[in-house]
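To keep things clear, I will list the structure first and then write my remarks on it.
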């Protein structure tokens, strides 16, 4: 299997987000600037903080106050200093109002807040607008990673719109990869990764 260990293969089969973290561990460096565009329960936020260390900088965005609290509490438990992060209760459409430096990695884990109000979900138009805003903020070689959840109606519309938008990016400026299950139910989570390759 090309060097994949049994542990990684188990993650591939069982937990899409954990597999993505394994991939991102190879990419995120100490001292990087990163952004979690959907704070949720704060798991991605904590993962990113641990990777970038005390010399990095972390931005985080969510429209729900509870998500911002979740992420802040995890950063406090990690001992991640307040001067090295900015968590904002705002839509990820407006990330350019807060980010003032090139970003190595944007993370989107779309859908709804686990164990939260399932009527509050990421929306197709705002997600596509956010990605459009994030693209010029990427440093050369930087990534945007997205976990898509087509298993609910808005998630299906969102996943299709994101894929259609990213498919139109020029291959001279960006590389786009799409990972999905081929032999499971159609609504399994999917991963997309975009890398900026131009100057």
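In segment 155-195, which residue that is touching a helix residue (DSSP H, G or I) at 6+ places or on another chain (Cβ under 7 Å) and not in a strand (DSSP E or B) is surrounded by the most Cβ atoms within 10 Å (Cβ to Cβ)? Here the answer is 158. Restricted to segment 49-66, and to residues there that are under 16 Å from the mean Cα position of the chain (by Cα) and outside any helix (DSSP H, G or I), the residue that is surrounded by the most Cβ atoms within 10 Å (Cβ to Cβ) is 60. Got at least one residue in segment 117-132 being outside any strand (DSSP E or B), buried (at least 20 other Cβ atoms within 10 Å of the Cβ) and modelled with pLDDT of 95 or more? Looking for residues that are outside any strand (DSSP E or B), buried (at least 20 other Cβ atoms within 10 Å of the Cβ) and modelled with pLDDT of 95 or more, one finds at least one in segment 117-132, hence yes.
The requirement of being touching a residue at least 24 places away in the same chain (Cβ under 8 Å) and closer than 28 Å to residue 184 by Cα is satisfied by residue 44.
Screening segment 20-39 for residues that are surrounded by fewer than 19 Cβ atoms within 10 Å (Cβ to Cβ) and touching a strand residue (DSSP E or B) at 6+ places or on another chain (Cβ under 9 Å) and picking the one that is nearest to residue 85 (Cα to Cα) gives 31. If I filter segment 135-142 for residues that are at pLDDT 95 or above, surrounded by 14 or more Cβ atoms within 10 Å (Cβ to Cβ) and not in a strand (DSSP E or B), do I get at least one hit? For segment 135-142, residues at pLDDT 95 or above, surrounded by 14 or more Cβ atoms within 10 Å (Cβ to Cβ) and not in a strand (DSSP E or B): present. On the stretch given as segment 67-93, residues that are assigned to a helix (DSSP H, G or I) and surrounded by 15 or more Cβ atoms within 10 Å (Cβ to Cβ) total 11.
The values are calculated or read from the model by the stated rules, or taken from the named source; none is laboratory data. Keep in mind that this is a model prediction, so the values were computed, not measured. Every residue, glycine among them, receives a Cβ derived from its backbone with ideal geometry; neighbour counts consider all protein chains shown.
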